[in-house]
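A.B. asks: Pasting in a structure now, in structure tokens, and then I'll have a few things to ask.
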Amino acid sequence: MPLQLEIVTPEKLAYEDEVDSVVLPGSEGELGILPHHAPLVSTLGAGELRLRKGGQEESFAIVGGFLQVLPDKVVVMAETADMASEIDLEKAQEARRKAEEALESGFVEGADLAAARASLQSALIRIRVAERRHREGPRRR
């Protein structure tokens, strides 16, 4: 029995399909979800979401949000979710440089400091996911 997966962000429905399994970053560590999983609601951390479907694996860089697991459905409500194959590595590296410069300048305070740190974290995750995909290519199992 396949598992229905939905990945949504405030801007879009990033993914919707039946999958064999999902591995994603929970706030307390990595979670693996298979069909017939016990119901669960959890907060998400930042990192890589990997889904497996028919021997193929696809990855997303996700940051924050919530996860709802039902026996036959997983709903990921993330702040951001970028499919590895759609990440522009140059733009992600430029975002990392800008965030690092802002943090190193010493002129960032309060909410701006938190935003700069969040931007850096998001850029680093997107770079890691994109580089892994470029290094390994589309994965089959």
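A.B. asks: Specify the residue with the greatest mean-square fluctuation among 88, 20, 112, computed from a Gaussian network of the chain linking alpha-carbon atoms under 10 Å apart.
C.D. replies: 112
A.B. asks: Specify the inter-centroid distance of segment 97-130 and segment 7-27, based on alpha-carbon positions, in whole Å.
C.D. replies: Using only Cα atoms to place each centre, the spacing works out to 24 Å.
A.B. asks: Residue 73's amide H: which non-local residues (gap 5+, or another chain) put their own amide H closer than 5 Å, with H modeled 1.01 Å from N in plane and none for Pro or chain starts?
C.D. replies: It is 4, by chain and number.
A.B. asks: So if a site counts as exposed when it's one of the GluC sites (Glu not before Pro), its DSSP state isn't H, G, I, E or B, and it has at most 10 other Cβ atoms within 10 Å, what's the longest stretch of the chain without one?
C.D. replies: Counting only loop sites that pass the neighbour cut-off, the longest clear stretch is 29-108.
A.B. asks: Hey, which lysines would be in cross-link range of residue 91, C-alpha to C-alpha under 21 Å, not counting anything within fewer than 8 residues on its own chain?
C.D. replies: Counting by Cα, and skipping residues close in sequence, residue 91 has these lysines nearby: 12.
A.B. asks: May I pose another question? Out of 52, 97, 126, any idea which swings most in a Gaussian network model of the chain, alpha carbons joined below 10 Å?
C.D. replies: Of 52, 97, 126, the most mobile in the Gaussian network model is 97.
A.B. asks: Under 21 Å Cα to Cα from residue 53, which lysines show up? Leave out anything in the same chain fewer than 8 places away.
C.D. replies: Cross-link targets: 73.
A.B. asks: Along the charge dipole of the chain, Cβ charges K/R +1 and D/E -1, which of 103, 9, 124 sits furthest on the positive end?
C.D. replies: Comparing the listed Cα positions along the dipole, 124 ranks first.
A.B. asks: With runs of 4+ DSSP H residues as the only contributors, calculate the mean residue ellipticity of the chain at 222 nm using -39,500 (n - 2.57) per run, divided by the residue total and rounded to the nearest 500.
C.D. replies: -11000 deg cm²/dmol
A.B. asks: Separate question: Specify which labelled value, from (1) 18.1; (2) 15.8; (3) 16.2, agrees with Kirkwood radius over Cα pairs in Å derived from the coordinates of the model shown.
C.D. replies: This structure yields the entry labelled (2).
Bear in mind that the values in this text are calculations on the coordinates, not laboratory data. Source: prediction; values computed, not measured. Positions of Cβ are generated from backbone atoms using ideal geometry, with glycine treated the same way; all protein chains shown enter the neighbour counts.
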